[in-house]
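Presented below is the structure to which this report refers.
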Amino acid sequence: MKRRHCLGLAAATLVLPAAARAEVADLNDAINKAGRQRMLSLRTAKAYCALGLQAAAVPAAEVLSQSMALFDRQLFELKAYAPRPEIRATYQRMDTAWSSYKTLLVGRKPDRALGGQMLEQATRLAALAHQGTGQLEKSLAHPVGRLVNIAGRQRLLGQRIAAYTLGAAWGVVDDNAIAEINKARVDFGGAQQLLSAAPENTAELRALLAQAQLEFVAFVAASNKLLSGAAADAQPAAEVFNSSERLLQVMESVADHCAHLQA
């Protein structure tokens, strides 16, 4: 339990590190925020599924509201910052996809009949966000930009695992869900190794990555418990939700640390 308490914030009060800045500071910051959009696409889906399952209802509602507001603000910032026409075009397409996705999230209670459609739109939105992140990384053309992108994608992978795990428990995903979950777990582990081995690594970053690994192990255990169907109440689903938030908090610190490395 001490490991969890050291994070200091409950799931419902998670404060994303760069959220206070009202504009893009530089290209590293743009890559970090662009990568965060990938995560927010699946974090909203996770919260929607948790609400549908009536698991962690209060923090899930807060996470959904917070994530939508932050996605809106960062999308505005990234569209304004986009340094090249093709990047601006990507964010224009994302704006359209986001507007469509939001219609499923607001103004109604979570509906299992719409859950599959919601996850599909979240995944498409994340793909556009990934495209924008890659385009911005190429604009930097420096290894630090790649590290920021990799660290930022770890946030997405954790939320993807959580969204598909909760979606499976709610019965709104197809037969490929388990394969997607397993692939995301493998990708997360491989990226952690890349971050750990990066020559730009620091003692602070190594400590954060070690902490993230502990959180990831606990998160995978919670995910496996829910997928096994071993318990009939909402507690396993709530633990998946909460453990994914604890992992996200550490990976936000990792991504923010990478974004402040010297390019």
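The values are calculated or read from the model by the stated rules, or taken from the named source; none is laboratory data. Everything numeric here is computed off the predicted structure, so don't read it as measured data. A quick note on method: Cβ atoms are made from the backbone with ideal geometry, for glycine too, and the neighbour counts reach across all protein chains shown. Surface accessibility is based on the protein's heavy atoms, side chains included, excluding ligands, DNA and RNA. Shrake-Rupley method; radii C 1.70, N 1.55, O 1.52, S 1.80 Å.
Each row is one residue, and each column tells you yes or no for (1) under 19 Å from residue 148 (Cβ atoms); (2) among the charged types (D, E, K, R); (3) open to solvent by 60 Å² or more (accessible area, probe 1.4 Å); (4) touching a Ser or Thr at 6+ places or on another chain (Cβ under 7 Å).
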position: 73; (1), (2), (3), (4): no, yes, yes, no
position: 85; (1), (2), (3), (4): no, no, yes, no
position: 89; (1), (2), (3), (4): no, no, no, no
position: 97; (1), (2), (3), (4): no, no, no, no
position: 102; (1), (2), (3), (4): no, yes, no, no
position: 106; (1), (2), (3), (4): no, no, yes, no
position: 130; (1), (2), (3), (4): yes, no, yes, no
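Find the residue count for the stretch 178-200, including only residues that are open to solvent by less than 60 Å² (accessible area, probe 1.4 Å) and not in a helix (DSSP H, G or I).
Total meeting the criteria: 2.
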**Q.** Members of the stretch 158-177 found to be buried (at least 24 other Cβ atoms within 10 Å of the Cβ), assigned to a helix (DSSP H, G or I) and not basic (Lys, Arg), listed by number
**A.** 158, 159, 161, 162, 163, 164, 165, 166, 167
Q) If you check every pair at least six apart or on different chains, which have Cβ atoms under 8 Å apart with a residue in the stretch 129-141 that is more than 10 Å from residue 31 (Cα to Cα) first and a residue that is crowded, with 20+ Cβ neighbours inside 10 Å and of a type in the set (Ser, Thr, Tyr) second? A) 129/41; 131/90
Q: Go over the candidates 15, 63 one by one and state the one that is within 17 Å of the chain's Cα centre (by Cα) and modelled with pLDDT under 90.
A: 15
Q. Looking at the stretch 28-59, which of its residues are modelled with pLDDT under 90 and closer than 30 Å to residue 79 by Cα?
A. 28
